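Since the structure comes first, as structure tokens, the remarks are kept for the end.
Here, each number is a calculation from the coordinates, and none is a lab measurement. These numbers were taken from a predicted model, which means no experiment stands behind them. Neighbour counts are summed over all protein chains in view; Cβ atoms, including those assigned to glycine, are modelled from backbone coordinates with ideal geometry.
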Amino acid sequence: MDYIIEASKLSGEIAVYGAKNCALALLGASVLTQNEIVLTNCPHIDDVNNMLAILKAMGKKVVVHESAVSISGHLTTTSIPRGLAKLLRGSSLLLGSTLARYGKVSLPMTGGCSIGKRPIDIHLEGLKKLGVSVQFEGDSINCYGIPKGGEFVLRLKSVGATENLICACVLAKGQSILLNCATEPEVVALEHMLIAMGAKIQGVGTSVLQITGVENLGGVQFCVIPDRIVCATYLSCALASGGDVTVTSCEPMHMDAFIKAIEDSCHLDIYSNAIRLRSKANICGIKNIQTGPYPLFATDMQSLLLSLASLSYGDVTILKETMFENRLTRQCSQLQKMGADIVCENNIAIIVGGKLHGTNVMAYDLRGGAGLVVAAMAATGKTQISGIENVNRGYCQLAKNLQLLGAKITCK
Ligand code: EPU
């Protein structure tokens with residue numbers, strides 16, 4: 001699918017829906033109990049639908065309501081289906097929970113955006129430290145053994161490894177200490193849901209977690225947190241278009257690093273669960289940023305800022321990507337096609353802001369695609385973005401929602 005976009009000023013109000021990366025972690029954790037898990041505010045996006053299809057194929061009863069999903073019952077297999085696993089990276093989030101509940105799991109090669117090598121060595125090292133045996137067979141990883149309590153220091157603050165290891169520990173015999181854990185809001189939401197199910201976790205929201213295993217976990221109804229990347233996408237589109245947009249149903253506290261990066265370039269009114277962005281005459285004053293683990297600037301917002309920096313007239317902005325080795329270079333190449341003045345080397349981009357023009361570009365990955373939509377909001381002429389299938393993995397009806405704000409987008 002392609003988007004064809006012409007610049008136009010956005011205005012009005014738009015609500016954010018539940019976060020993809022929160023929903024995926026919570027769905028992964030649903031395997032920890034046979035009792036019913038109801039997730040409200042669960043987004044209807046391809047990655048979530050594929051994760052639900054995996055749970056169903058593994059034996060779970062899955063019922064999808066308008067904006068809630070219910071998951072219950074036992075697994076009938078601990079092999080994650082190959083055809084579905086390769087559709088998303090989130091399929092790896094079943095490792096810890098399946099092991100904790102069933103003592104074995106087979107994970108074929110996972111998919112997701114090709115933004116870098118994305119190894120899972122930290123997940124596997126952590127599981128080994130908890131007594132699990134890990135074997136490689138072809139392109140599958142087979143793990144055996146119910147995790148026992150233990151201590152593990154994560155080499156990097158990996159979101160997925162933290163989530164998997166928390167799930168591995170909550171039913172383990174004894175106590176576990178996980179050090180250098182990720183503290184992204186999506187990880188913290190998982191900790192909260194597990195506690196509501198009966199898990200014993202101390203240090204919630206910090207990088208040191210002390211987990212005391214319990215025998216069983218109960219069911220729960222839990223609300224998926226607002227998607228901070230979608231919130232940043234709507235705000236970036238508003239800013240690029242020179243518009244006035246209020247994003248509602250969001251969590252401004254999760255947006256600190258993004259707000260700091262753009263606050264000099266526009267007027268921002270921050271409310272308890274809404275942010276209003278009013279553009280100035282021109283975009284200028286986008287700050288230099290370096291991506292990093294939360295609370296630093298999120299790598300998933302990097303492509304949005306790259307587009308805004310390209311439009312930040314007369315400014316020189318430096319942007320450094322520290323997480324995924326393919327993300328920045330490829331995105332720069334697409335913006336250069338639109339006339340952006342960028343030099344990119346060793347995952348550092350130096351951007352001289354100016355004007356962009358429409359042309360044919362490619363959404364190579366989910367967030368990169370969103371970045372191109374932002375750029376297209378300001379480009380002269382028509383921008384045709386191919387590869388929108390990648391965007392649909394993480395955005396719910398992006399074109400329709402932006403059209404409601406006055407965007408000129410057609411889908412082809
Ligand atoms: N890493 C390792 N070994 C590991 C795990 C991670 O070297 O075992 C490295 C990665 O290569 C990367 C860094 O550690 O350089 C951070 O990776 P992390 O594990 O935190 O990423 P992830 O769990 O695979 C999640 C999100 C990503 C988001 C990152 C960083 C999900 C399903 N995905 O991925 O979201 O970019 O955290 O915040 O939660 C997206 O939504 O578009 C997306 C890519």
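Do the sum for the chain: with -39,500 (n - 2.57) for every DSSP H run of n ≥ 4, divided by all residues, what is the mean residue ellipticity at 222 nm, to the nearest 500 deg cm²/dmol? Each step should come with its number before you reach the end.
Values: 14 runs with 131 residues, N = 412.
My calculation for the chain gives -9000 deg cm²/dmol from helical runs alone.
Given the chain, what percent of its DSSP beta bridges are antiparallel, to the nearest 5? The partial results should precede the final answer.
Details: 54 of 75 bridges.
DSSP beta bridges in the chain are roughly 70 percent antiparallel.
The distance separating the Cα centre of the stretch 257-303 from that of the stretch 355-406 comes to 19 Å. Under the convention that each Lys and Arg Cβ holds +1 and each Asp and Glu Cβ holds -1, the size of the dipole of the stretch 235-343 around its Cα centre is about 180 debye.
Can you put 312, 133 in order, fewest other beta carbons within 10 Å first?
Working: 312 25, 133 11.
Ranking 312, 133 by Cβ neighbours within 10 Å, fewest first, gives 133, 312.
Summary value for the chain: 20 percent relative contact order, contacts being C-alpha pairs under 8 angstrom separated by 6+ residues.
Distant-in-sequence amide contacts of residue 341, defined by a placed amide H-H separation under 5 Å and a gap of 5 or more residues or a different chain, comprise 352. Overall, the stretch 119-189 carries a charge dipole of about 340 debye about its Cα centre when +1 sits on the Cβ of Lys and Arg and -1 on the Cβ of Asp and Glu, all other atoms neutral. Among 132, 188, a tally of other beta-carbon atoms within 10 Å of each Cβ gives an order, fewest to most, of 188, 132. When the chain is described by a simple charge dipole with +1 on each Lys and Arg Cβ and -1 on each Asp and Glu Cβ, the residue from 237, 384, 310 located farthest towards its positive end is 384. Which value, in debye to the nearest 20, describes the size of the charge dipole of the stretch 339-412 about its Cα centre when Lys and Arg Cβ atoms bear +1, Asp and Glu Cβ atoms bear -1, and nothing else is charged? Dipole about the Cα centre, nearest 20: 360 debye.
By count of other Cβ within 10 Å, fewest leading, how are 254, 74 ordered? Provide the component values of the computation, followed by the final result.
Details: 254 23, 74 13.
The most exposed by this proxy come first: 74, 254.
Ordering of 332-339, 136-143 by packing is 332-339, 136-143, highest average first (other Cβ atoms within 10 Å, averaged per residue). From the alpha carbon centroid of the stretch 211-228 to that of the stretch 127-143 is 25 Å. For residue 408, nonlocal amide neighbours, meaning residues 5 or more places apart or on other chains whose placed amide H falls under 5 Å from its own, are 6, 8. Sorting 292-301, 369-378, 5-14 by average packing, meaning the other beta carbons within 10 Å per residue, from highest down gives 369-378, 292-301, 5-14.
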